[in-house]
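Below is one structure; the comments refer to it alone.
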Amino acid sequence: MDFYAQFVPSRIHSFGERITHQYRVSLFDLDEYFHMNNARYLTYMELGRFDLVIRSGFFRYALKNKIMAPVVNTTIIYRRSLQPFQKFSVSNQLVYWDETSMYVESVVMRRGKLYTLAIKEIRVVQNGNAVPLNSITQGMGIDLPELHYPVILIQDKKKLVKDLLQYAETKYSNGNNP
């Protein structure tokens, strides 16, 4: 490995790749109860999502084509609280998509235990209008992953998010690491 490669993460070629980062709870992450503030979990999850956007090439593609991919919905479950200076990992992975939305699973783990889990709905938009995902992936030359979530007919997005959370929680509650 050359010197430069140590500091620059490799490009990913599928939106389905899991991106995992290690962190430590700092004093600035704490709330008045001296555990990690609920909002800080989302901040760490966003760092991983941003890494996914950069490493997939989407960020460059989005700037060039004047498109954005905002989070339009986040549903989060808190199972355990992180204490000062504890190490933890945050993993992000695209787990489902439909014509215009992507659903990213964000998982916070420590020592093989699930601490927090979130499903974020992300919609690609251009000039205020949703852009079909297949046109984005074709334009980027990147693949959408095989779905790990059991494919069902989805008509109710609230049910979809609830099902995604329940499915992910089952995966990680048994001590499985992302």
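The values are calculated or read from the model by the stated rules, or taken from the named source; none is laboratory data. Given the structure is predicted, the values throughout are model-derived calculations rather than measurements. So basically every Cβ, Gly included, is an ideal-geometry build from the backbone, and we count neighbours across all protein chains shown. Quick note on the areas: whole protein, heavy atoms, side chains included, nothing else; ligands and nucleic acids left out. Shrake-Rupley method; radii C 1.70, N 1.55, O 1.52, S 1.80 Å.
Can you list the residues, at least 5 places off or on another chain, whose amide H is less than 5 Å from the amide H of Asn37, using H built in the peptide plane?
Leu30, Asp31
So how do 22-29, 48-55 stack up, highest first, on mean other-Cβ count within 10 Å?
48-55, 22-29
Express the accessible area of the chain per residue in Å², computed with a 1.4 Å probe while the remaining protein chains stay in the model.
That works out to 58 Å² per residue.
For the chain, with all protein chains present and a 1.4 Å probe, just round the carbon and sulfur fraction of the accessible area to a whole percent.
Numbers: 5530 of 10350 Å².
Heavy-atom surface of the chain belonging to carbon and sulfur, 1.4 Å probe: 53 percent.
From the square roots a ≥ b ≥ c of the eigenvalues of the alpha-carbon gyration tensor of the range 1-88, which class results: rounded (a/c under 1.5), prolate (a/b over b/c), or oblate?
Working: a/c = 2.60, a/b = 1.52, b/c = 1.71.
In terms of gyration-tensor shape, oblate.
Restrict the search to the range 69-147; then list the chymotrypsin sites (Phe, Trp or Tyr not before Pro) that DSSP places in a loop and that have at most 12 other Cβ atoms within 10 Å of their Cβ. Can you show the working numbers first?
Details: sites: Tyr78, Phe85, Phe88, Tyr96, Trp97, Tyr103, Tyr115; in loops: Phe85.
Hits after loop and neighbour filter: Phe85.
Students often get this wrong, so try it: which of [x] 0.97; [y] 1.31; [z] 1.06 is Cα Rg over 2.2 N^0.38 Å as calculated from the structure shown?
[z]
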